[in-house]
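Okay, structure first, notes after.
Quick note: the coordinates plus some simple rules give every number you see, no bench work behind them. For clarity, every value in this text was computed on a predicted model and none was experimentally measured. Positions of Cβ are backbone-derived with ideal geometry, glycine not excepted, and every protein chain shown enters the neighbour counts.
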Amino acid sequence: MSQILPRNKLATTISKIKFGGLAGLIFKNNPIPRTLQQILVNHFYQMNAGFFAFLFFVLFGVVKGGQLIDYHYSLIIAFLESPIIMAGVILAWVLYTLKCTNYIIKRILEPRQLFLTCLNHLSNKQLFAWMLFTQVQVFAPVWVYAAIATAVAIHLNHWAQAATMVLANLVLIFTAARCYTSTIRHHGTNAFLGRWGFFGRWAALTEISWQKRFVKPVFSFAILHLFRERKQMLLLTKVFTLLFLYGFIQLYEPYKPDPRPILLCFLLIVGSHSSLILQIRAFEREFLPFLRNLPMKIPIRFLHLLVMYTLLFLPELLYVWMAYPLHFTMLEYPQIVLMVLALAAFLHSILLVYDMPSEDYLNSVFGMMAVLFFVLLYNPGILFFLLVLLIAYVFFHHHIYG
């Protein structure tokens, strides 16, 4: 915030600015776009850098550079000519919108961002315009690709598909912007939910009733937190990783079983979960410090950590059996499982050793993935991942108590 106006000065400046709708976006030296850019947009991309790196690899890294245009043209033609694939693409856009909306709303409601309520000085049209400005930026990966697909559809005279994509993007962008506007207008309340607040109260009562019947194990706390508070992030990550596995298994056929391609796939899958691992560690640090006072041995605590990440990666570890026996043998499957758990535990343990900002953590993840990419090309075997797991345990053992 050092490069932005101080918060009290921001409120004063906003109250003095007079502009109309989207036309105000072209004003220079305006604190509003710079504030929204740094507080909401940049933070969103930083916290989801692992997901976007994975998405970038899926879209641009699976084929050679000379075949990239043909690859994307074939993808666009596929969902233009198939209503089912088109529905799946729009569903992915909806999930991404939910991810954006959930994250931005939670960011706005953070106590440290309370100064954003000074935007209530603006009229409804002005506030909506700025929220539209925010959503257009966080939604850029979707609407840019959709614009290219729409141009292809118009070129091929697929007018209905072009209109569908344009309409879907407009509805999703305007709906998300409306949610942000309502959140700022009713900051700290659920008044903007209206009658839908009933379902939130009903879910809360149902959860209390369920908790009386079932005692949750310790290793499930963080997973349940993701289901409750980061459900869009979790769902979108799982959808893309499973689609990535499906596409790899269907498109790549080795002449003999070789675990290296599958291991490289799971390296990217673990990297795409790095933001979720960061959320798990933040949840432990904020809500579960009392667990360190329980009479539990450190090896048992580490075992709970491994069970937790087994549950987190269970869909991918089960789905990869679709590649058996073409891609790997029965004896090579334990190596896949061990690699996933060892890397996840290592990333978790790093956050115990260093309480680093999210940007530094994600940079460390990218560096680790770059090194491991070349290591996996030589198929280091199961002993290498046992060593990684041992290092993770050493970090965990020495830093679990702070």
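Of the cross-linked pairs Lys125/Lys238; Lys106/Lys297; Lys106/Lys238; Lys216/Lys238; Lys231/Lys256, those separated by over 31 Å at the C-alpha level are Lys125/Lys238; Lys106/Lys297; Lys231/Lys256. Residue order for Lys256, Lys238, fewest other beta carbons within 10 angstrom first, comes to Lys256, Lys238. Let me test this: with uniform point scatterers at the alpha carbons of region 228-336, what is the Debye-based log₁₀ I(q)/I(0) at q = 0.13 1/Å? Log10 of I(q)/I(0), two decimals: -0.60.
Remark: C-alpha extents of region 218-399 on the principal axes read 53, 34, 30 Å, sorted largest to smallest. For region 233-298, the set of chymotrypsin sites (Phe, Trp or Tyr not before Pro) satisfying both a DSSP loop assignment and a count of at most 16 other C-beta atoms within 10 Å is given as Tyr252, Tyr255. With 5 Å bins beginning at zero, the pair-distance distribution over Cα atoms of region 279-359 amounts to 3, 11, 20, 21, 16, 11, 8, 6, 3, 0 %.
The chymotrypsin sites (Phe, Trp or Tyr not before Pro) of region 309-402 that DSSP puts in a loop, and whose beta carbon has at most 16 other beta carbons within 10 Å, are Tyr354, Tyr378, Tyr401. With neighbours defined as other Cβ atoms within 10 Å of a residue's Cβ, the residues Thr97, Thr150 order from fewest to most as Thr150, Thr97. Farthest towards the positive end of the charge dipole of region 218-399, among the residues Leu376, Pro295, Gln232, is the Cα of Pro295, using unit charges on the Cβ of Lys, Arg, Asp and Glu. Using the Karplus relation 6.51 cos²θ - 1.76 cosθ + 1.60 with θ = phi - 60°, the per-residue 3J(HN,Hα) values for region 228-241 come to 7, 9, 10, 5, 5, 4, 5, 5, 5, 4, 5, 4, 6, 5 Hz, with x marking Gly and Pro. Taking label positions 7 Å along the Cα-Cβ direction at both Leu167 and Tyr401, the computed distance is 6.4 nm, reported to one decimal. For region 96-156, the Kirkwood estimate of hydrodynamic radius, built from reciprocal distances between every pair of different alpha carbons, is 13.6 Å.
Straight-line cross-link partners of Lys99 among the aspartates and glutamates, defined as a Cα under 18 Å from its Cα and at least 8 positions apart when in the same chain: Glu110, Glu229.
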